[in-house]
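Each remark here refers to the structure printed beneath this line.
The values are calculated or read from the model by the stated rules, or taken from the named source; none is laboratory data. Source: prediction; values computed, not measured. FYI the Cβ positions are ideal-geometry reconstructions off the backbone, even for glycines, and counts take in every protein chain you see. The area values use the complete protein model at the heavy-atom level, side chains included, leaving out ligands, DNA and RNA. Shrake-Rupley method; radii C 1.70, N 1.55, O 1.52, S 1.80 Å.
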Amino acid sequence: MIQGGTPRIFISAGEPSGDLHAAGVVRGLRERYPDATIEALGGPHMAEAGATLRYRMEGLAAFGVVEVVTKIRAHYRLLQALRKDFRAGRYDLVVLVDYPGFHIRVAEAAHAAGAKVLYYIAPQLWAWRPGRARRLAAAVDRLAVVLPFEQSFFGQLGVRSDYVGHPLVDRESWPTREQARTQLGISATSRVLGLFPGSRGQEIRRLWEPFRDAALRLLREHSCDRVLVAGTASGTYPDPGPIEVLRGNAVPLFAAADAALAKSGTTTLEAALAGTPMVVAYKVHPVSWAVFQRLRTVRWVSLVNLVAGREVVPEMLQDRASADELVAAVRPILNPTDPLTLAQREGLALVRERLGKAGAATRVVAMAADLLAQ
């Protein structure tokens, strides 16, 4: 139990989406414990919410076996620094947000040093490494899951978890289509394709060329009138031609687009919440793909299909993420009356229903308070 109401908390997020989701938890903790020490591995959203950035997340994120190898040295140095912090008794509670692999090791280090450990947005072990769930269970005190089927998965393995809902639902109300189009300067009659190639540099490098080439062909054949990209502040998008690159908040583009071409991941849930029909794509290094294919335990990769429990959106993975296949998949969903578009909208409504009610961050803060009171 923390004496005097001044807990010492470390909260960790290793990539932009985790930084955004962790910020809501930081705000809630700061409101509940105004005098607490809240230090972090994170980014600008967490800092703005009230955390002191002890370590910065820039340059850490990677996905895929080969891609992760390039980041091993930076992760090793950071893990060693954190172990030193934990052994020194610097924190009462460690909150880990997403970022599997590295965070499981951090959880083990914190647990070994006697700190309480809360894991928020559980590693997607159900997708390809279910055996690691018991390792996770041994290292965490509480597990907050954000997808409705995860509680059952972890429960079957003897791991206690709490379903808190998805943090995307906590986002302030989405703009209407009309509001978003006014903000972006898009006419009411324009057919708009939104491109969402990801936030990691590796994702952008692998997906940009097929996304761009598919979009240019759809423009030339007049299947759409405008194409806009949800770009990052530092992302590079070579030879875009008439494609418009937006930097900053991507939410208006989700709301304004008639259809989306999106990388697999949280982006697909954002499109689902906006009700935007989509095609999902992803590419990794061939060796990473071969390893994933051997280990995967799920039929689908996109979170939309996993939450729905059926195929709602087409998945164009690895070699299928080519301009030819993307054009064929995107073309029909740019037509609002096409049967494929109508079927997708029905499926996306089911996904929105299953993602739960707002308040995920509040529930996580309550779990943190329980641990601090023990």
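Tabulated results
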read-out: Subset of segment 1-23 [modelled with pLDDT of 95 or more and over 23 Å from Arg83 (Cα atoms)]; value: Ala23
read-out: Subset of segment 228-251 that is out of contact with any Phe, Trp or Tyr (no Cβ under 9 Å at 6 or more places or on another chain) and not in a loop (DSSP other than H, G, I, E, B) - its residue that is modelled with the lowest pLDDT; value: Arg247
read-out: Elements of type helices (runs of 4 or more DSSP H) contained in segment 255-374, each with 3 or more residues being closer than 27 Å to Ser223 by Cβ and in contact (Cβ under 8 Å) with a residue 40 or more places away in the chain; value: 266-274, 303-308, 323-333, 339-354
read-out: Extreme residue, farthest from Asp225 (Cα to Cα), among residues of segment 189-213 that are touching an Asp or Glu at 6+ places or on another chain (Cβ under 6 Å) and open to solvent by 10 Å² or more (accessible area, probe 1.4 Å); value: Gln202
read-out: Qualifying residue in segment 354-368 (condition: surrounded by 14 or more Cβ atoms within 10 Å (Cβ to Cβ), aliphatic (A, V, I, L, M) and over 30 Å from Val117 (Cα atoms)); value: no
read-out: Subset tally (residues that are acidic (Asp, Glu) and either surrounded by 15 or more Cβ atoms within 10 Å (Cβ to Cβ) or under 16 Å from the mean Cα position of the chain (by Cα) (or both)) for segment 167-187; value: 1
read-out: Filtered residue count, segment 253-289, keeping only those that are of a type outside the set (Gly, Ala, Ser) and more than 18 Å from the chain's Cα centre (by Cα); value: 6
read-out: Scan of segment 130-166 for residues that are open to solvent by less than 40 Å² (accessible area, probe 1.4 Å), touching a Pro at 6+ places or on another chain (Cβ under 7 Å) and more than 22 Å from Ala109 (Cβ to Cβ), ordered by number; value: Val146
read-out: Given (1) farther than 16 Å from Arg205 by Cα; (2) without any contact (Cβ under 8 Å) to a residue 40 or more places away in the chain; (3) surrounded by fewer than 17 Cβ atoms within 10 Å (Cβ to Cβ), index of the condition Val245 fails; value: (1)
read-out: Matching residues in segment 324-353 - criterion: being aliphatic (A, V, I, L, M), crowded, with 17+ Cβ neighbours inside 10 Å and closer than 30 Å to His285 by Cβ; value: Leu326, Val327, Ala329, Val330, Ile333, Val351
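Residue-wise test of (1) closer than 26 Å to Val227 by Cα; (2) of a type in the set (Phe, Trp, Tyr); (3) over 19 Å from the mean Cα position of the chain (by Cα).
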| residue | (1), (2), (3) |
| --- | --- |
| Val291 | no, no, yes |
| Ser302 | yes, no, no |
| Asn305 | yes, no, no |
| Val330 | yes, no, yes |
| Thr337 | yes, no, yes |
| Leu340 | yes, no, yes |
| Ala361 | no, no, no |
| Gln374 | no, no, yes |
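Yes or no, residue by residue, for (1) without any contact (Cβ under 8 Å) to a residue 40 or more places away in the chain; (2) assigned to a helix (DSSP H, G or I); (3) polar (S, T, N, Q); (4) farther than 29 Å from Arg352 by Cα:
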| site | (1), (2), (3), (4) |
| --- | --- |
| Tyr76 | yes, yes, no, yes |
| Ala81 | yes, yes, no, yes |
| Tyr91 | no, no, no, yes |
| Val94 | no, no, no, yes |
| Glu108 | yes, yes, no, yes |
| Arg134 | yes, yes, no, yes |
| Pro148 | no, no, no, no |
